[in-house]
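Please read the structure below before turning to the comments.
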Amino acid sequence: MNAAVGDIDRLLALIISMAMALLVIVFHALAVALISIRYERWISGRHPIERLADTLWVIVVLVTPLIGMHVLDNYILGGFLYLIGAVDDLQDGFNMAIYSYTTLGDQKLGQNNFWRAFAPMAALSGFFTFAWTSAVLLRFLNKIYNKDALHPKSGPP
């Protein structure tokens with residue numbers, strides 16, 4: 001009977017951890033959309049000679065909010081760890097979350113096996129959000145360096 005309760009507890013912890021990972025991914029999706037819309041407006045119509053300046057501005061205008069978004073992703077995860085009592089303060093939760101988010105998720109939450117599914121789910125959300133961020137960054141760098149995208153040819157293709 002105890003083994004069954006343990007299995008149910010582990011399943012519940014896995015479901016809750018998956019929900020937290022999904023929350024981070026949804027937050028990330030909304031933030032990427034807002035950043036992309038703002039940057040899309042800024043980059044449209046730029047002259048090719050401005051590409052170097054545009055590339056430098058990508059660091060300031062696009063990468064900075066993307067990094068900030070990843071930090072917020074981890075404060076969401078860290079806040080969750082703090083709320084469930086897995087860590088003593090929010091900063092410890094953030095540190096544990098960012099470690100899990102950027103690795104294979106092999107960090108253990110103390111002696112409590114109930115939340116051991118958290119680290120792999122945080123790693124999974126990190127994998128998706130980093131891939132998504134990379135795709136957005138590459139999309140805009142491609143726009144900067146793709147002359148045809150900036151100044152389309154007139155006439156039929």
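No value in this document is a laboratory result; all are computed from the given coordinates. The structure presented is a predicted model; accordingly, all values stated were derived computationally and were not measured. Positions of Cβ are generated from backbone atoms using ideal geometry, with glycine treated the same way; all protein chains shown enter the neighbour counts.
Listed values, structure above:
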| quantity | calculated |
| --- | --- |
| Burial ordering of Val26, Val32, fewest other beta-carbon atoms within 10 Å first | Val26, Val32 |
| Exposure proxy order (Cβ contacts within 10 Å, fewest to most) of Asp88, Asp73 | Asp88, Asp73 |
| Cut-off 14 Å (backbone N to label point 7 Å along Cα→Cβ of Leu34), residues of the range 53-94 | 65-73 |
| Net lengthening on full extension, Ala53/Asp92 (0.36 nm per residue, minus Cα-Cα) | 10.1 nm |
| Sequence of Ser125, Ser36, Ser17 once ranked by neighbouring C-beta atoms within 10 Å, starting from the fewest | Ser36, Ser17, Ser125 |
| Sites Leu23 and Leu137, calculated FRET efficiency, Cβ-Cβ separation with R0 22 Å, nearest 0.05 | 0.45 |
